[in-house]
1. Check whether at least one residue in the range 105-119 is modelled with pLDDT of 85 or more and part of a loop (DSSP other than H, G, I, E, B), and report yes or no.
2. Please go through the range 55-70 and pick out each residue that is within 16 Å of HIS85 (Cα to Cα) and open to solvent by less than 60 Å² (accessible area, probe 1.4 Å).
3. Which residues, taken from the range 77-88, are surrounded by fewer than 12 Cβ atoms within 10 Å (Cβ to Cβ) and β-branched (Val, Ile, Thr)?
4. Return the only residue of ARG38, ARG28 being at pLDDT 95 or above and open to solvent by 100 Å² or more (accessible area, probe 1.4 Å).
5. Look through the range 1-25, keep the residues that are open to solvent by less than 100 Å² (accessible area, probe 1.4 Å) and among the aliphatic types (A, V, I, L, M), and return whichever of them is nearest to ILE87 (Cα to Cα).
6. Cβ-Cβ below 7 Å, separation at least six or inter-chain, first residue in the range 41-55 and at pLDDT 95 or above and hydroxyl-bearing (Ser, Thr, Tyr), second loosely packed, with under 13 Cβ neighbours inside 10 Å and not in a loop (DSSP other than H, G, I, E, B): which pairs?
Amino acid sequence: MPDPAPLGTPEESHLMLVDLANEFAPRRFALCEEYGDRLDGAVFAWGLAFPDSALLRHDGRTSTGHFATAESALRLFARTGRRLHLIWIDTPTPTPTPTPTPTTPASVDHGVVVPSNQQ
């Protein structure tokens, strides 16, 4: 059986792979720690969120973690008493939405900041 024909020109094939990588890229996020009453802050850890899991790397250390979601990583580390905030760096991949009508307002996602419940 002969090999299948290539998918377009080399340039077209490359653009297809670029589109594929952009469509399925994980979203970056950070767990940021607040010190005092908004006195200062720092990045506690960096993460990558996939559709079915999240990876987290503690900033400045060699430790990494695997979580169900970015929010579950936030909950776990907030239990230590840290004042953490989940900061989404990348906006979600846009999905086609119907044209707004008077009864269905447009929704725009400008990113999410999720504070921990620790005070």
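The values are calculated or read from the model by the stated rules, or taken from the named source; none is laboratory data. Treat the numbers as computed from the prediction; the structure is a model and nothing was measured. A quick note on method: Cβ atoms are made from the backbone with ideal geometry, for glycine too, and the neighbour counts reach across all protein chains shown. Accessible surface is based on the protein model in full, side chains and every heavy atom, while ligands, DNA and RNA are left aside. Shrake-Rupley method; radii C 1.70, N 1.55, O 1.52, S 1.80 Å.
1. No: zero hits.
2. Passing the criteria: LEU56, HIS58, THR69, ALA70.
3. Hit for the range 77-88 is THR80, nothing else.
4. On inspection, the qualifying residue turns out to be ARG28.
5. In this case the residue turns out to be ALA25.
6. As it stands, the answer is SER53/HIS66, since those pairs meet every condition given.
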